[in-house]
Amino acid sequence: MKATINAQAAVRHLKKADPVMAGLIKLVGPLRVPVKQVDDLFGTLVDAITAQQLSVKAAATIYRRFCELYGDPDQAPDPVRVLETPETSLRAVGLSRAKALAVVDLARNVVTGALPPLPELIDMDNEQVVQSLVKVRGIGRWTAEMFLLFQLGRADVLPVDDLGVRKGFMLAYRLAEMPSPRDLLEHGECWRPHRSASTWYLWQATRLNELRQPG
């Protein structure tokens, strides 16, 4: 089992390692990363693919319709059944063509064993998990990192390409522009091995700024 988020240890480390992060922690409050323990790898990843570039509400509606297509709106189907489903049926529930093809490719990878089963993924380190997931059509590094953070609850995830994280860093550190992924990665070395916590706090910096905007 790889290191998972320990809120007290993470906050203690970040406060000691980085004065600016310490100030952000004081402003935001306790660490509350909403980790959802995964028990259905296929369903979780279909949900992740569905959610890309959509609002939470729209994504939830489409995912429910997808599950309902196979009889149970609250449970993802056996991936074998998905492989037997015409693309037109997948499109009819609201999936774009790209997402329908991605879901089919995911089902194929699960059925053939090209994608390691959940117990094997849990035993892998972060980069091994990412490299396993990005082989699936429609799953990029960002989606894989969100899986590490919110499904596996890994302690040391820093998605340097995430605009919310980069904007949060710009705001918290009072920069004139967002940092490059490389600059964020370099600064984030002081947050190891608790970069998931820093990621969450940087998201909160962005959220607080949006709440302060008029209108």
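The values are calculated or read from the model by the stated rules, or taken from the named source; none is laboratory data. Predicted model only: the values in this text are computed from it and were never measured. Cβ placement follows ideal geometry from the backbone for every residue including glycine, while neighbour counts extend to all protein chains displayed.
Points worth noting:
- Failed item in (1) within 18 Å of the chain's Cα centre (by Cα); (2) surrounded by fewer than 22 Cβ atoms within 10 Å (Cβ to Cβ); (3) of a type in the set (Lys, Arg), with Arg192 passing the rest: (1)
- Extreme residue, nearest to the chain's Cα centre (by Cα), among residues of the range 27-45 that are touching a residue at least 24 places away in the same chain (Cβ under 8 Å) and farther than 27 Å from Leu121 by Cβ: Val28
- Looking only at residues of the range 195-215 that are basic (Lys, Arg) and within 20 Å of Asp161 (Cβ to Cβ), we find that the one that is nearest to the chain's Cα centre (by Cα) is Arg195.
- Of the criteria (1) under 15 Å from the mean Cα position of the chain (by Cα); (2) at pLDDT 95 or above; (3) under 20 Å from Thr206 (Cβ atoms), which one Phe150 fails: (2)
- Where helices (runs of 4 or more DSSP H) sit wholly within the range 58-175, those with at least 3 residues that are more than 26 Å from Lys15 (Cα to Cα) and in contact with a Pro (Cβ under 7 Å, 6 or more places away or on another chain) occupy 97-112.
- Of the residues making up the range 46-57, those that are free of Cβ contacts under 8 Å to residues at least 60 places away in the same chain and not in a loop (DSSP other than H, G, I, E, B) are Asp47, Thr50, Ala51, Val56, Lys57.
- A residue that is surrounded by fewer than 22 Cβ atoms within 10 Å (Cβ to Cβ) and closer than 17 Å to Gly23 by Cα occurs somewhere in the range 178-188.
- Close Cβ contacts (under 7 Å, 6 or more residues apart or on different chains) running from residues in the range 105-120 that are more than 16 Å from Pro77 (Cβ to Cβ) to residues that are buried (at least 21 other Cβ atoms within 10 Å of the Cβ) and not aliphatic (A, V, I, L, M) comprise Leu115/Asn109.
- Verdict on Leu24 being in the same structural domain as Arg207 (by TED's automatic domain parsing), touching a residue at least 12 places away in the same chain (Cβ under 8 Å) and in a loop (DSSP other than H, G, I, E, B): no
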